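Engineer: Once you've had a glance at the structure underneath, I'll fire off some questions.
The values are calculated or read from the model by the stated rules, or taken from the named source; none is laboratory data. Just so you know, these numbers come straight off a predicted model, no measurement behind them. Neighbour counts are summed over all protein chains in view; Cβ atoms, including those assigned to glycine, are modelled from backbone coordinates with ideal geometry.
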Amino acid sequence: MTKSTNRVLPTIVFAQFCCTSLWFAGNGVMNDLSSAFHLNSDALANLTSAVQFGFIIGTLIFSLLTLADRFSPSRVFFFSAIAGSVFNLGIILENNSLALLIVFRFLTGFSLAGIYPVGMKIAADYFQKGLGKSLGFLVGALVIGTAFPHLLKGMTDALPWRMVLLFTSGIALIGGFLMLVLVPDGPYRKPGQKPDFKAFFKVFKNENFRSAAFGYFGHMWELYAFWSFVPLMLTTYLNRHPGAQLNIPMISFLIIALGGPACVLGGYVSGKFGIQKTAATALGISCFCCLISPFVFHIESEVLLIGFLIFWSLFVIADSPLFSALVAENASPEIKGTALTIINSIGFAITIVSIQLLNMLKESFDETYIYTVLAIGPIIGLAALYQTKSK
């Protein structure tokens, strides 16, 4: 590798972290937004969903127009970072209405469609060998960004909430600029020549791609629902064991953030045992955690609960970069960016379904049992992986 190639992966990882911090920036200041704009709890949930829907719509449009394949992906990343930074700052304006706040969060999510999957596309253009390891670093950066809002909750009393948003927008601009300047088009990039509106369906004609994609979809059914409900899991435990003492924001940050190193470690392990086998093992272990979760809530041990949730967190995310690697390896080079964007779009749509399902179930059933339904995704994912040729 040349010196310029050696700096590529750290640059992509750092830029990805900087820019994906936009994703959950609003979550870190939700209480302040509520006070500043007189919002109710339902409105806050809508703001969170708006980012997810924006990302889904964005990835659909990016994939249909094959933007990351027709144009330099580093430039797509850069301009998306600029747009996301601007829209993120929109919510600090005085006298914002709920409708405007939802629009700004939606557009931020839309901009992220040119950041997260495009960052993976850029890595795939540079690292054909060891792609699982490279994407492990990349997804690890996203995981740390996902956990960051929980840490911010402990800081916003001292730090004005508008400064949090200014900071996240600022580092996103830095990340986009670094990607543009330091990461030119990769040696394995094969640019597409024109929009291919059939690409959305074409990629699924490949049996290996289809199996890897459905493995990823099963993983996504569990992942974001788990992340979203970690604070509620801890609250449920406190309600059942009033004598327990848990700092929910900090413990939530710890549980989720430790998934970042797990992504990196999973990438290295896949280099020895194979991407498919490593992904299947992680998916199987997280499925087991879903099924045994009710028992943990009924045991009066804070150490056991936190240890179990950390263990679950390690395996619920460790397979994410591996599935992305499988998808990238089984997609045609000229539509690789489009393929990654398509599965991201469908995958994030699935997360909304599983999260809403848990929301409904917790109103009618004992909350300690509802997380067993998350096992449905891993079971389907494991079944799909058996159809994928070993890598």
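Engineer: If I filter the range 293-306 for residues that are farther than 27 Å from LEU64 by Cα, among the polar types (S, T, N, Q) and surrounded by fewer than 22 Cβ atoms within 10 Å (Cβ to Cβ), do I get at least one hit?
Structural biologist: yes
Engineer: Mind listing whichever residues of the range 230-251 are closer than 17 Å to ILE370 by Cα and in contact with a helix residue (DSSP H, G or I) (Cβ under 6 Å, 6 or more places away or on another chain)?
Structural biologist: VAL230, PRO231, LEU234, TYR237
Engineer: Here is a further query. Return the total of residues in the range 300-332 being among the β-branched types (Val, Ile, Thr) and under 20 Å from ARG210 (Cα atoms).
Structural biologist: Matching residues across the range 300-332 total 1.
Engineer: Quick one: in the range 35-51, which of the residues that are in a loop (DSSP other than H, G, I, E, B) and loosely packed, with under 13 Cβ neighbours inside 10 Å is modelled with the lowest pLDDT?
Structural biologist: ASN40
Engineer: Six or more apart or on different chains, Cβ atoms under 9 Å: show the pairs whose first residue is in the range 363-381 and more than 30 Å from ALA212 (Cα to Cα) and whose second is among the charged types (D, E, K, R) and not in a loop (DSSP other than H, G, I, E, B).
Structural biologist: Filtered contacts from the range 363-381: THR368/ARG240.
Engineer: Could you tell me how many of the residues in the range 265-282 are buried (at least 20 other Cβ atoms within 10 Å of the Cβ) and touching a Lys or Arg at 6+ places or on another chain (Cβ under 8 Å)?
Structural biologist: Adding up the residues that qualify gives 4.
Engineer: If you don't mind, there's one more thing I want to ask. Looking at GLY266, GLY284, can you tell me which residue is in contact with a Gly (Cβ under 6 Å, 6 or more places away or on another chain), part of a helix (DSSP H, G or I), in the same structural domain as LEU304 (by TED's automatic domain parsing) and touching a residue at least 60 places away in the same chain (Cβ under 8 Å)?
Structural biologist: None of the other options fit; the residue is GLY266.
Engineer: Condition first: modelled with pLDDT under 85 and among the small types (Gly, Ala, Ser). Can you find one or more residues in the range 334-343 that meet it?
Structural biologist: Scanning the range 334-343 turns up at least one residue that is modelled with pLDDT under 85 and among the small types (Gly, Ala, Ser).
Engineer: Give the number of residues within the range 75-101 that are touching a residue at least 60 places away in the same chain (Cβ under 8 Å), closer than 21 Å to VAL29 by Cα and of a type in the set (Gly, Ala, Ser).
Structural biologist: 4
Engineer: May I pose another question? Name the single residue that is modelled with the lowest pLDDT among those in the range 141-181 being assigned to a helix (DSSP H, G or I) and β-branched (Val, Ile, Thr).
Structural biologist: Filtering first and then ranking leaves THR146.
Engineer: Still on this structure, please answer the following. Which residues, counting only those in the range 211-263, are free of Cβ contacts under 8 Å to residues at least 12 places away in the same chain and part of a helix (DSSP H, G or I)?
Structural biologist: Passing the criteria: LEU238, ASN239.
Engineer: Which members of the range 291-310 meet the condition of being farther than 10 Å from TYR369 by Cα and either not assigned by TED's automatic domain parsing to the domain that holds ALA257 or not charged (D, E, K, R) (or both)?
Structural biologist: Within the range 291-310, VAL296, HIS298, ILE299, SER301, VAL303, LEU304, LEU305, ILE306, GLY307, PHE308, LEU309, ILE310 qualify.
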